[in-house]
């Protein structure tokens, strides 16, 4: 029994094996059959047939269905083959049809062919193939993570035509664009189409942009060297401006916006940056010459062009600064020469005229160049800065020993004395100009002091044209320089206004107390001591008539305030004296002191120098000056023995009854002492105090500070008023140390410590 | 092809047996495959304008497919109703849906198939 089953088992096995091999063979056959079917089916897709304009509906579905069947087959063996066939179809089309066509054409026709080939390829050929193989894309491609069917189309195109595109196609594009740059009209639509192709292929940046920018570089390199040698600076700039406009226009029209910046910066670089030095330094038309000739249109263009380039304006700015400085310095030098001439001749009037003239020239210069910055340099802050620096250079130059602060104050004085009949400018505009110039002057406190002196004189002798203008100037100065700058001056102006009140009350008082009335018209101006410049008071014997006036006012003033004390400044007063001369009676307008001299001759006809001096009890120099003004100057009211031009102590003076003049009312001038030096002294000592105060303030805040830092901070704090001399700061530090305000650090001698 | 929304354009779907189903173009476009065919540039020849033959799809299935198209449009515009599938045709329907690339139908059919499987209980081994 067992033997039989063994045999049976063996036979069974053999039979099984036979079955298996048969099966294998059958499978193999089937596979080959399938393969053949696939080949057949795929061969149905003729490449040339793809280009047919119309789609055969049945054929389409058939192909799709065939591929579907193969793809959904239980053994997925043919998918790979189909995928590669798909690629192969694309490549074959490109190689057989597209490339040969492209190679046949050149230039513009090449571009046209390129564009149409791509259109046909992507829209017709590729789409159809995609249609048939669509089912493959859904599962197989995604599963195997292969390049999806859509992208295969682009990829094949790129792989086969990359070199072609990069070289021949782009050459043609560049050639076309250069033609337009040279002035011809080209087919921009074609360029746009080519751009689109590259964009669809995602090669815009790599191929198109890169080569266009390179082409731009080449083109403008050549043009730049040509133009710079042939053209003057303005002509060149004009060309550059035109080019930039054209390029921007073209890029915006044809290409992608990102390219604009790249191309424009290339153009700017080649045309503006590389040759900038050559351009500026051109001898007959360069930057310097443009400024000198005032060629503002060209300058404005230069500004516009170079403001595009990074750091492009440095050079222009510097040239502008140098030009303005040179102009200013030329004015200074010219005035210096003129002034020296007048100094030699001792012609004070002409000297003053020159000085005033200089300030006016400065103002004009400032106006002109400010308008430059605003109108042509687009109010660029860098240019404002260099304008300021330039002005600071020459506005601080002294002319023949007279500091610019003083010059400005002289100008100011003239402006405020004049009647506002100046047609060109209103007084207020001139005042504005003065304040603008003041900003550039470093010794502002010097100006303040001089101005205060002159203001005092104007106010007291009623020379000021208008109170309003004075106030206007003060307001402006307060705005620019701070309240402390103008506080004293404002006080002065206020005093004058108050005086009107006082005078009215005084008149009432005299009416009420007729016995006090001195019998003359008396106007007293009360000055608050801190505001007005200090005037020296001197011993003086008043004539009796005047004494009465003084008494009356004294009494009156007591009724108003018991606490304030008044000191009389006779040197500042004016007096109108009636002179009964033989030819005719005349009114003489003189100073109080001159009047007292003349009144002496009421009681005596002839007086000696010493007589006069004793009676008046004045210092010698004053007496000399007084007598000179009355006997040796323009109006000889007193006769002098001997009749020389100078006063000596042995002279005799006699009332000149024969004196007369054309006018009935004359003003006898009394030359003022040159107190310039005094003003400067005052300012210098004030500065010392200011420095000291600043040092103390800084040290109080900082407690400990190094030497250099202290110096620099001090200078900075004071910079709005004046520029301090470092030696003086040092002196003040030493003085403060000796007075135990500061001490030197024991370890480091250059560090200071504040002592509370 | 200028298809305006005003004028209802029709397409003809022909089954394996030769039955012709004329439906709205918009409905037919629910099928990705049909959509690609109809929007492929180059267009059909005049005789074959707007008609697609499906030699592999039986009439009954194609009919169901057409119903599906319309249901899909309604569903998309807000009418959320159920789409009933007879269990016998689920497999064929699913394959047709696959062929025609109807995403939703596939999933619906799959759904039904699963349910049928649960009910019948022994389908599982046979399917892939």
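The values are calculated or read from the model by the stated rules, or taken from the named source; none is laboratory data. Only a predicted model underlies this, so the values are computations on that prediction, with no experimental measurement involved. Note: ideal-geometry Cβ built from the backbone for every residue, glycine included; neighbour counts use all protein chains shown.
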- [ ] Pick out the one residue from A:406, A:392, A:428, A:449 that is out of contact with any strand residue (DSSP E or B) (no Cβ under 9 Å at 6 or more places or on another chain) and closer than 20 Å to residue A:323 by Cα.
- [x] A:392
Open item on the list: Can you say whether residue A:3 is assigned to a loop (DSSP other than H, G, I, E, B) and modelled with pLDDT under 75, as far as the supplied structure shows?
Closed with: no
Task: Within the range A:665-756, strands (runs of 3 or more DSSP E) holding 3 or more residues that are in contact (Cβ under 8 Å) with a residue 24 or more places away in the chain - done: A:665-667, A:704-706, A:751-754
Open item on the list: It is to be established whether one or more residues within the range A:333-350 are closer than 30 Å to residue A:270 by Cβ, part of a helix (DSSP H, G or I) and in contact with a helix residue (DSSP H, G or I) (Cβ under 7 Å, 6 or more places away or on another chain).
Closed with: no
Open item on the list: Checking the structure you have, find out if any residue of the range B:51-71 is closer than 28 Å to residue A:122 by Cβ, surrounded by 14 or more Cβ atoms within 10 Å (Cβ to Cβ), within 14 Å of chain A (Cβ to nearest Cβ) and at pLDDT below 80.
Closed with: yes
Task: All positions within the range A:611-655 that are touching a residue at least 60 places away in the same chain (Cβ under 8 Å) and either in contact with a strand residue (DSSP E or B) (Cβ under 9 Å, 6 or more places away or on another chain) or assigned to a strand (DSSP E or B) (or both) - done: A:615
- [ ] Identify the single condition in (1) assigned by TED's automatic domain parsing to the domain that holds residue A:244; (2) at pLDDT below 85; (3) surrounded by fewer than 18 Cβ atoms within 10 Å (Cβ to Cβ) that residue A:304 does not satisfy, given that it satisfies every other one.
- [x] (2)
- [ ] Test each condition in (1) outside the structural domain of residue A:360 (by TED's automatic domain parsing); (2) closer than 30 Å to residue A:396 by Cα for residue A:262 and report the one that comes out false.
- [x] (2)
- [ ] Could you figure out which of (1) at pLDDT 90 or above; (2) farther than 30 Å from residue A:299 by Cβ; (3) touching a helix residue (DSSP H, G or I) at 6+ places or on another chain (Cβ under 8 Å) isn't true of residue A:217?
- [x] (2)
Open item on the list: Can you find a residue that is in contact with a helix residue (DSSP H, G or I) (Cβ under 7 Å, 6 or more places away or on another chain), surrounded by 20 or more Cβ atoms within 10 Å (Cβ to Cβ), without any contact (Cβ under 8 Å) to a residue 60 or more places away in the chain and part of a helix (DSSP H, G or I) anywhere in the range A:230-240?
Closed with: yes
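One line per residue, one yes/no per condition, for (1) more than 17 Å from residue A:169 (Cα to Cα); (2) within 60 Å of the chain's Cα centre (by Cα); (3) within 14 Å of chain B (Cβ to nearest Cβ):
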| position | (1), (2), (3) |
| --- | --- |
| A:85 | yes, no, no |
| A:98 | no, no, no |
| A:101 | no, no, no |
| A:104 | no, no, no |
| A:112 | no, yes, no |
| A:126 | yes, no, yes |
| A:133 | yes, no, yes |
| A:139 | yes, no, yes |
TODO: Keeping to the range A:260-285, report how many residues are under 27 Å from residue A:216 (Cα atoms), outside any helix (DSSP H, G or I) and in contact (Cβ under 8 Å) with a residue 40 or more places away in the chain.
DONE: 3
Open item on the list: Under 9 Å between Cβ atoms, which residue pairs at least 6 apart in sequence (or on different chains) link something in the range B:82-99 that is away from chain A (no Cβ under 14 Å) with a partner that is part of a loop (DSSP other than H, G, I, E, B)?
Closed with: B:93/B:85; B:93/B:86
TODO: Could you tell me whether the range A:57-71 includes any residue that is more than 12 Å from chain B (Cβ to nearest Cβ), at pLDDT below 85, surrounded by 13 or more Cβ atoms within 10 Å (Cβ to Cβ) and over 16 Å from residue A:136 (Cα atoms)?
DONE: no
- [ ] Could you check, for the range A:488-502, whether at least one of its residues is under 49 Å from the mean Cα position of the chain (by Cα), outside any helix (DSSP H, G or I) and exposed (fewer than 15 other Cβ atoms within 10 Å of the Cβ)?
- [x] no
- [ ] Taking only the range A:131-160 into account, find how many residues are crowded, with 17+ Cβ neighbours inside 10 Å, more than 15 Å from residue A:76 (Cα to Cα) and without any contact (Cβ under 8 Å) to a residue 60 or more places away in the chain.
- [x] 1
TODO: Evaluate the range A:387-396: report whether one residue or more is at pLDDT below 90 and not in a helix (DSSP H, G or I).
DONE: yes
- [ ] Can you tell me which residue among A:496, A:455, A:459, A:438 is out of contact with any strand residue (DSSP E or B) (no Cβ under 8 Å at 6 or more places or on another chain) and within 30 Å of residue A:384 (Cα to Cα)?
- [x] A:438
TODO: Filter the range A:116-130 for residues that are in contact with a helix residue (DSSP H, G or I) (Cβ under 7 Å, 6 or more places away or on another chain) and surrounded by fewer than 19 Cβ atoms within 10 Å (Cβ to Cβ) and give the result.
DONE: A:122
